[in-house]
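The values are calculated or read from the model by the stated rules, or taken from the named source; none is laboratory data. Computed from a prediction, not measured in an experiment: that's the story for all the values here. A quick note on method: Cβ atoms are made from the backbone with ideal geometry, for glycine too, and the neighbour counts reach across all protein chains shown. The area values use the complete protein model at the heavy-atom level, side chains included, leaving out ligands, DNA and RNA. Shrake-Rupley method; radii C 1.70, N 1.55, O 1.52, S 1.80 Å.
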Amino acid sequence: MAVVRAGSAILFGKFGDHYLNIGDVALISPCTLFRVEPEPWVTITTLYVDNDYLVDQIFWQYAAHFTDRLDTQTFLDAQDTDPIHVVRLGENRASLLTPWLDELTALSTNGLLPERFYRLQALLFCIFDIVVPTLDDGGIVPRGRTSVLPRLPRRRAFSPVQEEARLAARMLRDGLAEEWGPTPGK
């Protein structure tokens with residue numbers, strides 16, 4: 001997530017060119033090659049958010065719709081999204097992010113301190129609270145359309161991985177009426 005705080009720039013890549021101005025937020029997918037050229041100067045604050053972390057947050061936000069995090073990742077992978085999405089907040093709305101970005105930067109400059117973990121989370125969620133509602137169809141889950149999410153059963157049957165465990169599970173399942181005990185002579 002790159003927030004343009006002052007100036008302007010052009011974002012170049014396979015996805016096309018995007019003109020970024022003050023108050024724009026560029027959401028860039030992982031492994032997306034791009035370059036930024038200031039016009040004539042730009043100040044950008046960049047937040048790197050782990051993909052697994054985002055999947056986890058989306059899972060908990062829509063927990064009623066997903067069985068587990070794997071279902072969430074599968075759903076997100078199936079979405080046809082551009083590798084970059086530009087949110088045009090505008091200078092006034094983006095100015096709400098400035099104190100949070102400054103504090104987030106100050107707290108993370110010397111490494112992520114465990115005693116400041118909840119403050120870092122709170123600041124990140126304050127930023128998400130401004131940016132995410134502005135997402136349209138290019139967003140993670142469009143607002144008011146949660147019915148597009150898969151309706152999967154909340155209970156899932158897991159099968160053992162090792163052959164011995166699968167054999168034991170099959171024997172138990174097939175022989176529920178049998179009396180089980182230690183094998184004589186062993």
query = Rounded to the nearest whole Å², what accessible area per residue is found for region 20-105 with the 1.4 Å probe?
reply = 61 Å²
ask   = Taking R0 as 35 Å, what's the FRET efficiency between A177 and D52 from their Cβ-Cβ distance, rounded to 0.05?
value = 0.20
key: Cα→Cβ-extended label distance, 7 Å offset, between D68 and F34, nm   = 3.3 nm
ask   = Considering only P114, A94, I84, whose Cα is most displaced toward the positive end of the charge dipole of region 1-116, charges sitting on Cβ of Lys, Arg (+1) and Asp, Glu (-1)?
value = A94
query = Of all the accessible heavy-atom surface of region 1-132, with the other protein chains kept in place and a 1.4 Å probe, what percent is carbon and sulfur?
reply = 56 percent
task = Sort largest first and round to whole Å: the equivalent ellipsoid semi-axes of region 39-81, each the square root of five times a Cα gyration tensor eigenvalue.
result = 30, 12, 8
request  = Compute the normalised compactness of region 1-132: alpha-carbon radius of gyration over 2.2 N^0.38 Å, N being the residue count.
outcome  = 1.13
inquiry  = I need the calculated FRET efficiency for the pair D77 and K14, taking r as the beta carbon distance and R₀ as 25 Å, to the nearest 0.05.
reply    = 0.85
key: Segment E103-L167, extension gain: residue separation times 0.36 nm, minus the distance between their alpha carbons   = 17.4 nm
request  = Any chance you could run the full-extension gain for F128 through A6? It's 0.36 nm times the residue separation minus the Cα-Cα distance, nm to one decimal.
outcome  = 41.9 nm
